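Reviewing the structure listed below.
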Amino acid sequence: MRAPYSSPTLAISFGAGSDSSSTNRERMLASRQGTPALPTAADVFAAFEAFRPAVSMFMAGSVILGWGHGTSDIDLYVVLPEASGPIEGAYTRTASTTDPTMYIVLGQFGAFRADIEVWTHEQIHEVIDRFYGPPAARAADRTEQDLLNRLVTGRPLHGDRWWSQARTRITESSYPAWLVGRRLSRARSATDSAARWLDSGSAVPAVLAAREAFTCTVEAVLAAGGDYSVNRKWLYRRMQATPVPGLETDQAWRRLCLEGAEAAPADWTAAVLADCRSLQDGIASRGADR
């Protein structure tokens, strides 16, 4: 994993202000000249007293992966040993865990704004434990899938042992196969839908449906390669990081950009659907179709 920035201690300017104004964007861009420092655990604890009991803390997202731009924020995850009650300045989001409430806090650490998700140890392990039980118990909503991906791809700031054990439990569970199967099912459904549009002679809907089918198929192949991301905006970067077997990244990108579709929509759609089926069969042949 690329680590584009060093992380010595830095001065903290905490606040929940918006970065939406051009003035804030310009200030942030100016502050990122050179190699700005990422926050340390000590920085976070100094800014948020409520986080001091944390069993672990890790950073994830585009900046950590080396994909960020001049105003990218950092995604920070804090794992508390138990529910803390309301956190000042936070807003809530719900998960499908027994205790459904997790908190989102905004902070500023030097050059970086931080989106901080606060979970409990029990919430996270409840999600992971589903993939050590019977198939009927396996489930994770989008928020939980994003959490599991961030755990696997993140960088620990505090509680390295907890983070490492949780990461290993995810990769050794049935979650990877469940995710591949779920995405493969969606890809096949989208491919069948596109084929029906093509058979009906509806060229424009067929093209758009085929692009969706191809996107779903690429996501399934990436999942089979160990990419658990739920974020499509990084699809090109994800294909670069996890090459799609049997398909060059630039060729896949041209498919996603509809290159050639305008000149010959029916032929383009037929070729894309053939690629989809070939890629899907490749996943199934490796035993991921379950």
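Details
- Screening ALA166 on (1) within 25 Å of ALA241 (Cα to Cα); (2) modelled with pLDDT of 95 or more; (3) surrounded by fewer than 19 Cβ atoms within 10 Å (Cβ to Cβ) shows it passes everything except condition (3).
- Output for the range 237-269, where each listed residue is over 26 Å from the mean Cα position of the chain (by Cα) and free of Cβ contacts under 8 Å to residues at least 12 places away in the same chain: GLU259, GLY260, GLU262, ALA263, ALA264, ASP267
- Residue list for the range 66-83, filter: more than 22 Å from GLN165 (Cβ to Cβ) and not β-branched (Val, Ile, Thr): GLY66, TRP67, GLY68, HIS69, GLY70, SER72, ASP73
- The single condition among (1) under 18 Å from ASN149 (Cβ atoms); (2) out of contact with any helix residue (DSSP H, G or I) (no Cβ under 7 Å at 6 or more places or on another chain) that SER200 does not satisfy is (1).
Quick grid of which residues meet (1) under 17 Å from ILE116 (Cβ atoms); (2) in contact with a Ser or Thr (Cβ under 8 Å, 6 or more places away or on another chain); (3) at pLDDT below 90:
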residue: PRO8; (1), (2), (3): no, yes, yes
residue: ALA11; (1), (2), (3): no, no, yes
residue: ARG27; (1), (2), (3): no, no, yes
residue: ALA30; (1), (2), (3): no, no, yes
residue: GLY34; (1), (2), (3): no, no, yes
residue: ALA42; (1), (2), (3): yes, yes, no
residue: ALA46; (1), (2), (3): yes, no, no
residue: MET59; (1), (2), (3): yes, no, no
residue: PRO100; (1), (2), (3): no, yes, no
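- Residues being farther than 27 Å from TRP234 by Cβ and either of a type in the set (Asp, Glu) or not in a strand (DSSP E or B) (or both) - total across the range 45-84: 15
Results for (1) out of contact with any strand residue (DSSP E or B) (no Cβ under 7 Å at 6 or more places or on another chain); (2) over 24 Å from ALA195 (Cβ atoms); (3) in the same structural domain as GLN145 (by TED's automatic domain parsing); (4) at pLDDT 95 or above, shown as yes or no for each residue.
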position: TYR228; (1), (2), (3), (4): yes, yes, no, yes
position: ARG232; (1), (2), (3), (4): yes, no, no, no
position: TYR236; (1), (2), (3), (4): yes, yes, no, no
position: LEU247; (1), (2), (3), (4): yes, no, no, no
position: ASP250; (1), (2), (3), (4): yes, yes, no, no
position: ALA271; (1), (2), (3), (4): yes, no, no, yes
position: ALA274; (1), (2), (3), (4): yes, no, no, yes
position: ARG277; (1), (2), (3), (4): yes, no, no, yes
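- Among the residues of this structure, VAL272 does not count as one that is under 17 Å from the mean Cα position of the chain (by Cα) and not in a loop (DSSP other than H, G, I, E, B).
- The sole residue among ARG183, ARG167 that is in the same structural domain as ARG130 (by TED's automatic domain parsing) and of a type in the set (D, E, K, R) is ARG167.
The values are calculated or read from the model by the stated rules, or taken from the named source; none is laboratory data. For clarity, every value in this text was computed on a predicted model and none was experimentally measured. Please note: Cβ atoms are built from the backbone with ideal geometry, for glycine as well, and neighbour counts cover all protein chains shown.
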